[in-house]
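The values are calculated or read from the model by the stated rules, or taken from the named source; none is laboratory data. This structure is a prediction, so every number in the text was calculated from the model and none was measured. Please note: Cβ atoms are built from the backbone with ideal geometry, for glycine as well, and neighbour counts cover all protein chains shown.
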Amino acid sequence: MPATQTNASLTFRRTTETPVAGAKTLGQHYFVSPEIFAEEQEKIFSRDWVVVGQQSQIARQGDYFVAWVAGESLIIVRDKSEEIHGFYNVCRHRGTRLIEDRNGHLSTAIQCPYHSWTYALEGRLIGAPHMEDVREFDKADYSLHPVNLMLWEGFVFVNLAGAAKQRGGYRSQEEWFAPLAGKFLHWNLPKLRSAKRVEYDVCANWKLIFENYSECYHCPGVHPQLQKISPYDSAENDLTEGPFLGGFMRIAKGNSLTTSGNACALPVGDMGAENFHRVFYYSIFPNMLLSLHPDYVMVHQLQPQSPDRTLIYCDWFFHPEAFGRENFKPEDAIEFWDVTNKQDWHVCELSQQGINSRAYQPGPYSSRESIPAAWDNYYLRRMR
Ligand code: FES
Ligand SMILES: [Fe+2]
């Protein structure tokens, strides 16, 4: 029977390990086939809520960044009334890419570099030289194409599915995130600010990154430095099926997951004495890994590029009041996880290389790999 622990407002429902019941890894074609990759882009990345950033990246009116989802370039911008919008990066005149820089600041408007059609930050076409000579042309008909956008815990998610596709997989934000409602309240996620982003270009299929994140069976051999502070067999999972999976691992008392082993910043929130010695790891389908530590929150954002290549943005978020304090040592956490990340990417790349072989066959998951098996189950459901 699952045991339930309550502390402050966090309810952690602990489950026994899900039996893997003969589960095996996915077949080779899921990792190498361009057709499967295209199908994933259509059935998953074009229909799901996909994380593209965090609100503090565009803190001021006019700040923007460009995101890539399912092969589409999108402009994410904060308008003059502080609202955040998402648009296809496509001019309504002759289709030109509007913005080339990855991020920046727009003073008042988005202007196309080709014939200078100009759009307000909320997408309205406000300038189109000489178009007044064109019969029946109405600027109101040529706003930028919007994408569905929402904030969840301060993170910006977009969904490319239009209303017509709602039956094919589109879920409203409330419906989609219902299983996580209130779960991370004490980590103050909407308030946090990134101290650093590191980009990794990994020669491995995006699913290998999720599968690797979802187990610590590999930790004793691959991460000796992590294993010392957070024992590989201390995992307890509370989300064991569906699009959100994970649980916590223990952190040795008096330690933090940093190179020095010491806390590197103010706690991100008041998560209760017990959770102060835990690191929570959750995978948020299809492209976010959320790692909640007492003193910082690390987020990986995945962008699949091809069957065997994935770009990963990793951000380290801290309490806004931690910045500027004497005991603020973000590099202590960043270095620790940069080493750990690279160890993970390396084994993921080795996996990809072995899976490419004609000798590869699906192998059996161990009892310590119930979450990767659950992740595969949900993925397969989505692909059917
Ligand atoms: S293509 Fe953008 S103004 Fe002509
Ligand atoms: Fe790992």
Of the residues in region 270-287, those that are surrounded by 20 or more Cβ atoms within 10 Å (Cβ to Cβ) and not aromatic (Phe, Trp, Tyr) come to 271, 275, 278, 279, 283, 284, 286, 287
Got at least one residue in region 245-253 being closer than 28 Å to residue 68 by Cα and not small (Gly, Ala, Ser)?
-> yes
Filter region 102-114 for residues that are surrounded by 14 or more Cβ atoms within 10 Å (Cβ to Cβ) and assigned to a loop (DSSP other than H, G, I, E, B); which is nearest to ligand 1 (Cβ to nearest atom)?
-> 112
Yes/no for residue 235 being within 16 Å of ligand 2 (Cβ to nearest atom) and modelled with pLDDT of 95 or more | no
Do we find that residue 359 is of a type in the set (Gly, Ala, Ser) and touching an Asp or Glu at 6+ places or on another chain (Cβ under 9 Å) in this structure?
-> no
Given (1) in a helix (DSSP H, G or I); (2) under 27 Å from residue 273 (Cα atoms); (3) among the aromatic types (Phe, Trp, Tyr), where does residue 317 come up short, assuming only one miss?
-> (1)
Counted residues in region 337-384 being in contact with a Cys (Cβ under 9 Å, 6 or more places away or on another chain) and either of a type outside the set (D, E, K, R) or under 28 Å from residue 199 (Cα atoms) (or both) come to 8
What is the number of the single condition among (1) more than 16 Å from ligand 1 (Cβ to nearest atom); (2) without any contact (Cβ under 8 Å) to a residue 24 or more places away in the chain that residue 118 does not meet?
-> (1)
Out of region 70-93, which residues are closer than 13 Å to residue 60 by Cα and among the hydrophobic types (A, V, I, L, M, F, W, C)?
-> 76, 77, 84
Which of the strands (runs of 3 or more DSSP E) contained wholly in region 14-101 include at least 1 residues that are at pLDDT 95 or above and within 16 Å of ligand 1 (Cβ to nearest atom)?
-> 72-78, 84-88
Residue 360 meets each of (1) under 26 Å from residue 275 (Cβ atoms); (2) surrounded by fewer than 20 Cβ atoms within 10 Å (Cβ to Cβ); (3) hydroxyl-bearing (Ser, Thr, Tyr); (4) at pLDDT 95 or above with one exception, condition (1)
Out of curiosity, is residue 33 in contact with a strand residue (DSSP E or B) (Cβ under 6 Å, 6 or more places away or on another chain) and surrounded by fewer than 21 Cβ atoms within 10 Å (Cβ to Cβ)?
-> no
Test set (1) surrounded by 15 or more Cβ atoms within 10 Å (Cβ to Cβ); (2) touching a residue at least 60 places away in the same chain (Cβ under 8 Å); (3) of a type outside the set (Ser, Thr, Tyr) - residue 131 fails condition number | (2)
Enumerate the pairs (first residue in region 94-109 and over 16 Å from residue 63 (Cβ atoms); second residue anywhere and hydroxyl-bearing (Ser, Thr, Tyr)) with beta-carbon separation below 6 Å, excluding pairs fewer than 6 apart on the same chain, so at least 6 apart or on different chains.
-> 96/114
